[in-house]
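There's a structure below that I have some questions on.
The values are calculated or read from the model by the stated rules, or taken from the named source; none is laboratory data. No experiment lies behind these values; they were computed from the predicted model shown. Glycine also receives a Cβ, built like all others from the backbone with ideal geometry; neighbour counts cover every protein chain displayed.
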Amino acid sequence: MATAPLASFEPVLPHGCTFTPQDWAILSRQWYPVALAREVGEAPIKARLLDQPLVLYRAQDALVIAPDRCPHRGVPLSMGRGNGRGVECPYHGLTFGAGGRCVHVPAQPQRSIPAQFHLHTYPAVERYGLIWTCLDPAATAPDTDAIIAMPHWDEAGFQQIVCPWIDIRGSAGRQMEGFLDVAHFAFIHSESFADPDNAQVPDYRPRRTAQGFEAEYWSNVANYPKGVDKAPPGFRWLRHFRCHVPFTATLEVHFPGDDRLVILNAASPVSATETRLFVPIARNFDTDQPVQGVYDFNRQVFEEDRAMVEAQWPAQLPLDPSAEAHLTADMSSMFYRRALRDLGLCGG
Ligand code: FES
Ligand SMILES: [Fe+2]
């Protein structure tokens, strides 16, 4: 569901912006998840996107996303509470309802409410169990290709699992590149699913797409949790990556038979060096099993990655091809960096 801004306003860099003005201008036109849909109710919650503090709430069943700042005296509205009519600011009790409209001013309840008291809202849509938004003041609803398409999500027989988010003290670009990287399994994921003695990366060839690139990676690295081996001898695993720049990608894992697992990696750039990672998952097997097992395994794998992403220097992904050395196994990384450059980004 989309909500239109009540008034247009000039894009200004957030206070303390950690991006270059050019990168911020490009990134602010993209759509990102900022919360789980199940987290957002009548009580306000806070988020941060591209250094912009946000408040999220629901009023009359409509989603509202706005700068986290009361238009009266600048108190964060996320400090407020839901009072049945909307979000009540804790300082003087102004209440903001659907569409960000100020609906009550306790100090002067009989007077009409001037437009300056209404919130400038951002558009909000719910997809894959997440709340997505865009900071571009011209945006209202996402274009067809603005948000990544997740294979199988809506198909009959597939279970939808929206894992809790993970905060990472690293950049969205570094995290994304790690998700697309097939050369680290034997080292980083040997506790969760990979074989430490199987490090060689078979050749693969990514293809450019309108949204970024895709890659089909065949190998014998299993995707079962450690200790589980249900694949026939010699089974070759297909991992199909589809990248949607700047910071989302899906991985469709082809298990034995027609079993499929799709992971959406949505790296939401909190700042240039901080990321909130959202991971919705769809699968057509074990659909009667409690989702907690998926939450736990997903957390284990992404925690293994997080240790690397938080340690990498520089924190921002270098887009200059000569800044780091590359392996043939890094084909996806090369395609990813090129796609980011083609967006016009400068990176770290
Ligand atoms: S600061 Fe919010 S009501 Fe005064
Ligand atoms: Fe990884």
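From the residues in the stretch 159-192 that are in contact with a Pro (Cβ under 6 Å, 6 or more places away or on another chain) and farther than 26 Å from residue 320 by Cα, which one is farthest from ligand 2 (Cβ to nearest atom)? Full working, then the answer.
We begin by selecting, within the stretch 159-192, every residue in contact with a Pro (Cβ under 6 Å, 6 or more places away or on another chain); these are 162, 172, 186, 190.
Next, only the ones that are farther than 26 Å from residue 320 by Cα stay: 162, 186, 190.
On the way: 162: 20, 186: 11, 190: 11 Å.
Looking at residues that are in contact with a Pro (Cβ under 6 Å, 6 or more places away or on another chain) and farther than 26 Å from residue 320 by Cα, I get 162.
Right, here's the next one. Scan the stretch 89-129 residue by residue and report those that are farther than 30 Å from residue 264 by Cβ and touching a helix residue (DSSP H, G or I) at 6+ places or on another chain (Cβ under 9 Å).
Listed by number, the residues that qualify are 89, 90, 91, 94, 96, 101, 102, 105, 118.
From the list 69, 101, pick out the single residue that is touching a His at 6+ places or on another chain (Cβ under 6 Å), within 15 Å of ligand 1 (Cβ to nearest atom) and among the charged types (D, E, K, R).
Working: 69 fails: touching a His at 6+ places or on another chain (Cβ under 6 Å).
Checking each option against the conditions leaves just 101.
Cβ contacts < 6 Å: first residue more than 19 Å from residue 242 (Cα to Cα) and part of a helix (DSSP H, G or I), restricted to the stretch 176-195; second residue of a type in the set (A, V, I, L, M, F, W, C) and away from ligand 1 (no atom under 16 Å from the Cβ), any location; separation 6+ or different chain. Result?
186/194; 186/199
Filter the stretch 292-307 down to residues that are aliphatic (A, V, I, L, M) and within 11 Å of ligand 2 (Cβ to nearest atom) and give me whichever is nearest to residue 179 (Cα to Cα). Spell out the reasoning first.
First, pick out the residues of the stretch 292-307 that are aliphatic (A, V, I, L, M): 294, 301, 307.
Filter once more, so that each one left must be within 11 Å of ligand 2 (Cβ to nearest atom): 301, 307.
Values: 301: 10, 307: 13 Å.
Filtering first and then ranking leaves 301.
Looking at (1) outside any strand (DSSP E or B); (2) within 16 Å of ligand 1 (Cβ to nearest atom), find the lone condition where residue 53 falls short.
(1)
What residue, of 137, 196, 246, 151, is away from ligand 2 (no atom under 16 Å from the Cβ), more than 30 Å from residue 12 (Cβ to Cβ) and of a type outside the set (Asp, Glu)?
On the way: 137 fails: more than 30 Å from residue 12 (Cβ to Cβ); 196 fails: away from ligand 2 (no atom under 16 Å from the Cβ); 246 fails: more than 30 Å from residue 12 (Cβ to Cβ).
Within the list 137, 196, 246, 151, the selection yields 151.
Further, regarding this structure: Identify, please: which residue in the stretch 77-98 is near ligand 1 (Cβ under 9 Å from one of its atoms) and part of a loop (DSSP other than H, G, I, E, B) and is, among those, nearest to the chain's Cα centre (by Cα)?
Going through the qualifying residues, I end up with 80.
Sort through 303, 324, 310 and tell me the only one that's acidic (Asp, Glu), exposed (fewer than 15 other Cβ atoms within 10 Å of the Cβ) and in contact with a strand residue (DSSP E or B) (Cβ under 7 Å, 6 or more places away or on another chain).
On the way: 303 fails: in contact with a strand residue (DSSP E or B) (Cβ under 7 Å, 6 or more places away or on another chain); 310 fails: exposed (fewer than 15 other Cβ atoms within 10 Å of the Cβ).
Matching residue, one of 303, 324, 310: 324.
Any residue in the stretch 275-292 that's on the phi > 0 side of the Ramachandran plot: show its pairings with residues that are not polar (S, T, N, Q) at Cβ separation under 9 Å, as long as the two are six or more apart or on different chains.
286/259; 286/293; 286/294
Moving to a separate point now. Taking the options 184, 189, name whichever one is surrounded by fewer than 17 Cβ atoms within 10 Å (Cβ to Cβ) and within 24 Å of residue 273 (Cα to Cα).
Details: 189 fails: surrounded by fewer than 17 Cβ atoms within 10 Å (Cβ to Cβ).
Only one candidate qualifies: 184.
Moving on. If only one of 131, 147 is at pLDDT 95 or above, farther than 20 Å from residue 297 by Cα and not in a loop (DSSP other than H, G, I, E, B), which one is it? Spell out how you get there, then give the answer.
Numbers: 147 fails: not in a loop (DSSP other than H, G, I, E, B).
One residue alone meets the criteria, 131.
Give the number of residues within the stretch 52-71 that are in contact with an Asp or Glu (Cβ under 9 Å, 6 or more places away or on another chain) and closer than 15 Å to residue 35 by Cα. Even if it seems obvious, please write down each step before you answer.
Our first condition is that a residue be in contact with an Asp or Glu (Cβ under 9 Å, 6 or more places away or on another chain); within the stretch 52-71, this holds for 52-59, 63.
Checking which are closer than 15 Å to residue 35 by Cα leaves us with 52-58, 63.
So the answer is 8.
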